[in-house]
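Below you'll find the structure, written out as structure tokens, and then a few comments.
The values are calculated or read from the model by the stated rules, or taken from the named source; none is laboratory data. Nothing here was measured: the structure is a model prediction, and the numbers come from that model. Cβ atoms come from the backbone with ideal geometry, glycine included; neighbour counts cover every protein chain shown. SASA here: full protein model, heavy atoms, side chains in, ligands and nucleic acids out. Shrake-Rupley method; radii C 1.70, N 1.55, O 1.52, S 1.80 Å.
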Amino acid sequence: MEDTEFTGEWITLDAQGRIDVPSNPNVGFIEGDGTGPDIWAAAGPVIDAAVLKAYSRERKIHWFKLIAGEKAVDETGVPLPEKTIDLIRKCMVALKGPLTTPVGTGMRSVNVALRKLLDLYACIRPVKYFPGIPSPVRHPEKVNMTVFRENTEDVYAGIEWESGSEEAKKLARFLEEKFNVSLPAGAGIGIKSISPEGTKRLVRRSIAYAIQHGLPSVTLVHKGNIMKFTEGAFRKWGYELAQEEFGERTVTEADVQMKFGGRTPEGKIVIKERITDSMFQQVLLRPEEYSVIATSNLNGDYLSDALAAQVGGLGMAPGANIGDHAAVFEATHGTAPKYAGLDKVNPGSLILSGAMMLEHMGWTEAADLVREAVERTIRDKIVTYDLARQMRGAKEVSCSMFGQAIIEHMEEF
Ligand code: NAP
């Protein structure tokens, strides 16, 4: 693992807006705070080993370090320096550990700021079961879904005013006078907005993913029966996008029933829709019927964590935040500060996020090697403390030894 700056070449975008990855790309990494350095020290070598094994010396990632969070405050006085943002824009692909949002900086969250500033509009969470991991459900192996959560809109945009504030009072008066809408006295107010552009770019990415991975369906998850002009509009614009841009490749579930006798025409992706509350039941009762999920911000937040819990792997869940110009792959858990520096926690989430990053770069052979080696290591019951405490007969290893065990399993292929 190298820590030198810019020894490789830059990733670029081609005329169609697709990323063009040289064989020696500069890729940024943010170690993260708390246990970030522990998991990074285990994850980096696994990713490098997979690239080496897949492509000999023909391809190599040239890592360079970026700072954010506590380290950035120590070195620059701010949690998210402009230089970090500029360099992620330049390298277009980065891998990050968890970050603490330092208290009292006036910033809601470094992670949210990163997503906003880089317009990383799609939060992507693949959820798949690894055999051997204890799960609260009877058939976790039936779960194999990828959640596309809109990342920039909805009630999450942070447009809200505190109860009793001048702004809340003013807005309540305005609503009363202009729209004859009265709010309960002293209500805090938040604004939910969902736009056609925000919806369509998210749904576009989810259908493109289903096509690329040969998956059978994309399900639009919304609460449009109640919130008609935001969640309901998400559904409407989602269907429109599927028809306008992928009409040849998609068919609606309703058409499958009414026009094709319940049989999906060969080569078509079925566009389904589910109301959010029903979807929470569906993923428990009939998970095998769902593969790609496209949904709004709040729904996606809840659903992706619930799904990760269903496969028993909250600590192993990988994630990515992707925009049209940059992509940041990240461990989905927090900094777990009480374990910082103990070489103890599970680096699985960052390692599997690294596999997503390799796939995004088109280095699918290396991505597959990482996933396969993680699966085999867990199947052999070599795990960190968090999984060991739930598994019978497990061999508990440290964070770094888990990384080493994954590399050793990779060598066996
Ligand atoms: P957390 O750091 O995720 O830790 C909560 C608990 O989850 C830990 O005590 C540990 O449970 C378990 N855990 C987390 N990561 C693990 C790992 N890699 N391996 C094994 N177990 C793991 O959540 P938090 O304590 O609420 O948040 C701490 C800080 O992280 C906060 O500053 C928060 O803002 C930040 N955060 C950052 C991100 C991000 O950067 N994406 C996300 C969430 C939170 P046990 O103690 O039971 O072993």
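Hey, does the range 343-351 have a residue that's out of contact with any strand residue (DSSP E or B) (no Cβ under 9 Å at 6 or more places or on another chain), within 14 Å of the ligand (Cβ to nearest atom) and on the phi < 0 side of the Ramachandran plot?
Checked against the condition, which is being out of contact with any strand residue (DSSP E or B) (no Cβ under 9 Å at 6 or more places or on another chain), within 14 Å of the ligand (Cβ to nearest atom) and on the phi < 0 side of the Ramachandran plot, the range 343-351 yields at least one hit.
If you check K338, K381, K395, which single one turns out to be within 12 Å of the ligand (Cβ to nearest atom), open to solvent by 10 Å² or more (accessible area, probe 1.4 Å) and out of contact with any Ser or Thr (no Cβ under 6 Å at 6 or more places or on another chain)? Please lay out each step first, then the result.
Details: K381 fails: within 12 Å of the ligand (Cβ to nearest atom); K395 fails: within 12 Å of the ligand (Cβ to nearest atom).
Going through K338, K381, K395 in turn, the sole match is K338.
In the range 39-62, how many are at pLDDT 95 or above and over 21 Å from the mean Cα position of the chain (by Cα)?
Kept after step one, since they are at pLDDT 95 or above, are these residues of the range 39-62: 39-55, 58-62.
Add one more test, that the residue is over 21 Å from the mean Cα position of the chain (by Cα), and what stays is 41, 45, 48-55, 58-62.
Residues in the range 39-62 being at pLDDT 95 or above and over 21 Å from the mean Cα position of the chain (by Cα): 15 in total.
Report, by residue number, each residue of the range 22-75 that is within 15 Å of the ligand (Cβ to nearest atom), among the hydrophobic types (A, V, I, L, M, F, W, C) and not in a helix (DSSP H, G or I).
F29, I30, L66, I67, A68, listed by residue number.
With (1) away from the ligand (no atom under 15 Å from the Cβ); (2) in contact with a helix residue (DSSP H, G or I) (Cβ under 8 Å, 6 or more places away or on another chain); (3) among the aliphatic types (A, V, I, L, M) as the list, and A94 as the residue in question, which single condition is left unmet?
(1)
When you look at K268, is it touching a helix residue (DSSP H, G or I) at 6+ places or on another chain (Cβ under 6 Å) and basic (K, R), yes or no? Before the answer, list the steps.
Working: touching a helix residue (DSSP H, G or I) at 6+ places or on another chain (Cβ under 6 Å): no; basic (K, R): yes.
No, not satisfied.
Taking the range 11-23 only, how many residues are touching a strand residue (DSSP E or B) at 6+ places or on another chain (Cβ under 7 Å) and surrounded by 16 or more Cβ atoms within 10 Å (Cβ to Cβ)?
Here is the first cut: in the range 11-23, the residues touching a strand residue (DSSP E or B) at 6+ places or on another chain (Cβ under 7 Å) are 11-14, 19-20, 22.
This time we only want the ones that are surrounded by 16 or more Cβ atoms within 10 Å (Cβ to Cβ), so: 11, 19.
Counting residues in the range 11-23 that are touching a strand residue (DSSP E or B) at 6+ places or on another chain (Cβ under 7 Å) and surrounded by 16 or more Cβ atoms within 10 Å (Cβ to Cβ) gives 2.
Within the range 51-66, is there a residue that is in contact (Cβ under 8 Å) with a residue 12 or more places away in the chain and either of a type in the set (S, T, N, Q) or over 24 Å from A367 (Cα atoms) (or both)? If you could, list the steps in order and put the result at the bottom.
Pass one, the range 51-66, residues in contact (Cβ under 8 Å) with a residue 12 or more places away in the chain: 51, 53-55, 58-66.
Still in the running and either of a type in the set (S, T, N, Q) or over 24 Å from A367 (Cα atoms) (or both): none.
No.
Every residue, every condition in (1) closer than 26 Å to G323 by Cβ; (2) in contact (Cβ under 8 Å) with a residue 12 or more places away in the chain; (3) over 17 Å from the mean Cα position of the chain (by Cα), yes or no:
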position	(1), (2), (3)
A157	yes, yes, yes
L183	no, no, yes
A187	no, yes, yes
Y209	yes, yes, no
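Just to be sure I understand, how many residues within the range 345-378 are in contact with a Phe, Trp or Tyr (Cβ under 8 Å, 6 or more places away or on another chain) and surrounded by fewer than 19 Cβ atoms within 10 Å (Cβ to Cβ)? Spell out the reasoning first.
Residues of the range 345-378 in contact with a Phe, Trp or Tyr (Cβ under 8 Å, 6 or more places away or on another chain): 345-348, 350, 353-354, 356-357, 360, 363, 365-366, 369, 372-375, 377-378.
Now drop any that are not surrounded by fewer than 19 Cβ atoms within 10 Å (Cβ to Cβ), which leaves 365, 372, 375.
Total meeting the criteria: 3.
Would you confirm whether any residue within the range 142-159 is away from the ligand (no atom under 16 Å from the Cβ), at pLDDT 95 or above, assigned to a loop (DSSP other than H, G, I, E, B) and open to solvent by 20 Å² or more (accessible area, probe 1.4 Å)? So that I can check it myself, show each step before the final result.
Of the range 142-159, the ones away from the ligand (no atom under 16 Å from the Cβ) are 142-146, 148, 150, 152-155, 157, 159.
Okay, now just the ones that are also at pLDDT 95 or above, so 142-146, 148, 150.
With assigned to a loop (DSSP other than H, G, I, E, B) added as a condition, the list becomes 143.
With the extra rule that they be open to solvent by 20 Å² or more (accessible area, probe 1.4 Å), the set shrinks to none.
Scanning the range 142-159 turns up no residue that is away from the ligand (no atom under 16 Å from the Cβ), at pLDDT 95 or above, assigned to a loop (DSSP other than H, G, I, E, B) and open to solvent by 20 Å² or more (accessible area, probe 1.4 Å).
Pairs under 6 Å by beta carbon, first residue at pLDDT below 95 in the range 224-245, partner open to solvent by less than 10 Å² (accessible area, probe 1.4 Å), six or more apart or different chains?
none
Would the range 217-236 turn up any residue that is part of a helix (DSSP H, G or I), under 21 Å from L120 (Cα atoms) and not basic (K, R)?
Yes.
Kindly indicate whether R108 is surrounded by fewer than 18 Cβ atoms within 10 Å (Cβ to Cβ), at pLDDT below 95 and either within 16 Å of the ligand (Cβ to nearest atom) or assigned to a strand (DSSP E or B) (or both). Spell out how you get there, then give the answer.
Working: surrounded by fewer than 18 Cβ atoms within 10 Å (Cβ to Cβ): yes; at pLDDT below 95: yes; either within 16 Å of the ligand (Cβ to nearest atom) or assigned to a strand (DSSP E or B) (or both): yes.
It is true that R108 is surrounded by fewer than 18 Cβ atoms within 10 Å (Cβ to Cβ), at pLDDT below 95 and either within 16 Å of the ligand (Cβ to nearest atom) or assigned to a strand (DSSP E or B) (or both).
Might you check whether a residue that is surrounded by fewer than 19 Cβ atoms within 10 Å (Cβ to Cβ), within 18 Å of the chain's Cα centre (by Cα) and within 15 Å of the ligand (Cβ to nearest atom) occurs anywhere in the range 118-140?
Checked against the condition, which is being surrounded by fewer than 19 Cβ atoms within 10 Å (Cβ to Cβ), within 18 Å of the chain's Cα centre (by Cα) and within 15 Å of the ligand (Cβ to nearest atom), the range 118-140 yields no hits at all.
On the given criteria, is T101 away from the ligand (no atom under 16 Å from the Cβ), among the polar types (S, T, N, Q), surrounded by fewer than 23 Cβ atoms within 10 Å (Cβ to Cβ) and within 29 Å of A72 (Cα to Cα)?
no
Can we say G17 is on the phi > 0 side of the Ramachandran plot, within 14 Å of the ligand (Cβ to nearest atom) and not β-branched (V, I, T)? Write out each step before concluding.
Details: on the phi > 0 side of the Ramachandran plot: yes; within 14 Å of the ligand (Cβ to nearest atom): no; not β-branched (V, I, T): yes.
The answer is no for G17.
Answer yes or no as to whether D386 is open to solvent by 10 Å² or more (accessible area, probe 1.4 Å), at pLDDT below 95 and within 30 Å of K71 (Cα to Cα).
The answer is yes for D386.
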